[in-house]
Amino acid sequence: LATWQPLFKAWREDFFSTAVKSPNGVKHKVYQLALDEARNPVQDGNVQATSLAIELAETMANAALAKCHDKKLALASWLTSQDGENSMGKRAAEHEATKGACTTNDRVESAPPAPPGILLHAPHLSDRPTAPCAGNFGTYDMVQRTFGKIAVQNISGMAQQVRSAPAAPGPGNKLTVDRLASRKQASAAPGAASGGAAADGATADDGVTAGGSSGAADEAAMGYFTTLDPRMQQAIVEVARKDRAKAVAKAKIDMQEQLAYKQFRREENIEKLLKATIERYANGLE
């Protein structure tokens, strides 16, 4: 596939060149090592399991082919090999006309993650590598699983922050760090205590450095919001102000429902395990 798909070839080479640091500080190309071991096993356990793994792979592949060739399923209608009515072989004109069309959410969902260390109080979240297919929804799920009782709107905010493009490497969020740095510079500037050093009479709290105003830089660092039309910005702020209380109340109700459902599922699973244990014990006595 890589021979006639240059983009896939480039992605594949980049993926297998990824090096992960081990606890002793040595970096290893773990994905390449895993692929090499799978193709030519060296470890005893892998050597012994090779024949069974190949047999299982063949079984799964044959089952997948049987599904693809089943005329009763809709999947076959999309395959040229099965002479499907919706296949490229029968709809060449439609295929040509829709080349390049973005008809899924893959580009949004698979957007590259922000650089490490963007969460000031939870840096461990951004230390985890994010797979291309994990993306936004995967990040949301990761935050929800890490903080079990967090409110829904807070999960959304943290997920957005983890995936936020304006963030940059460092111990905390870039915008916060920049503002703190600019305030320190303004405070350290001559005459800052009397308020005369900052241009236009601004104080240190305004985030103005001795070299001039950092307001524009702060706005640029905020990312997408500052690129919107002013009316859209105002509308978003108004919605956040007016609907926040209702959203928090609804989030609490939703969270209680989620917790109740999880509790029900746990009890159900425990009941199943108990029945299975009793049944096995009874069979053992017989």
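The values are calculated or read from the model by the stated rules, or taken from the named source; none is laboratory data. No experiment lies behind these values; they were computed from the predicted model shown. Using ideal geometry, Cβ is built from the backbone for each residue, glycine included, and neighbour counts are taken over all protein chains shown. Side chains are part of the model used for accessible areas, which takes the heavy atoms of the whole protein and leaves out ligands, DNA and RNA. Shrake-Rupley method; radii C 1.70, N 1.55, O 1.52, S 1.80 Å.
Quickly run through the range 21-40 and pick out the residues that are within 30 Å of Ser51 (Cβ to Cβ) and either touching a residue at least 24 places away in the same chain (Cβ under 8 Å) or surrounded by fewer than 10 Cβ atoms within 10 Å (Cβ to Cβ) (or both).
Within the range 21-40, the subset within 30 Å of Ser51 (Cβ to Cβ) is 28-40.
Passing the criteria: only Arg39.
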field: Count of the range 49-80 residues which are open to solvent by 50 Å² or more (accessible area, probe 1.4 Å) and touching a residue at least 12 places away in the same chain (Cβ under 8 Å)
entry: 1
query: Taking the stated definitions as given, is Asp44 farther than 28 Å from Trp78 by Cβ and surrounded by 12 or more Cβ atoms within 10 Å (Cβ to Cβ)?
result: no
field: the range 62-94, residues that are under 29 Å from Asn136 (Cβ atoms) and modelled with pLDDT under 85
entry: none
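Between Gly223, Gly191, which is within 26 Å of Val152 (Cα to Cα) and modelled with pLDDT of 50 or more? Please lay out each step first, then the result.
Details: Gly191 fails: within 26 Å of Val152 (Cα to Cα).
Gly223 is the lone residue from the list that is within 26 Å of Val152 (Cα to Cα) and modelled with pLDDT of 50 or more.
Is it the case that Thr104 is modelled with pLDDT under 90 and under 30 Å from Phe137 (Cβ atoms)?
Values: modelled with pLDDT under 90: yes; under 30 Å from Phe137 (Cβ atoms): yes.
Yes; evaluated as a whole, the condition is true for this residue.
Is it the case, given these coordinates, that Asn86 is open to solvent by less than 100 Å² (accessible area, probe 1.4 Å) and either in a loop (DSSP other than H, G, I, E, B) or acidic (Asp, Glu) (or both)?
Values: open to solvent by less than 100 Å² (accessible area, probe 1.4 Å): yes; either in a loop (DSSP other than H, G, I, E, B) or acidic (Asp, Glu) (or both): yes.
Against the criterion (open to solvent by less than 100 Å² (accessible area, probe 1.4 Å) and either in a loop (DSSP other than H, G, I, E, B) or acidic (Asp, Glu) (or both)), Asn86 qualifies.
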- request: Test Val143 against the criterion of being modelled with pLDDT under 75, part of a helix (DSSP H, G or I) and of a type in the set (A, V, I, L, M, F, W, C), and give yes or no.
  value: no
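With Glu257, Glu238, Glu286, Glu271 as the choices, which residue is over 23 Å from Gly157 (Cβ atoms) and either surrounded by 10 or more Cβ atoms within 10 Å (Cβ to Cβ) or modelled with pLDDT under 60 (or both)? Don't jump to the end; show me each part of the working.
Values: Glu257 fails: over 23 Å from Gly157 (Cβ atoms); Glu238 fails: over 23 Å from Gly157 (Cβ atoms); Glu286 fails: either surrounded by 10 or more Cβ atoms within 10 Å (Cβ to Cβ) or modelled with pLDDT under 60 (or both).
The conditions single out Glu271.
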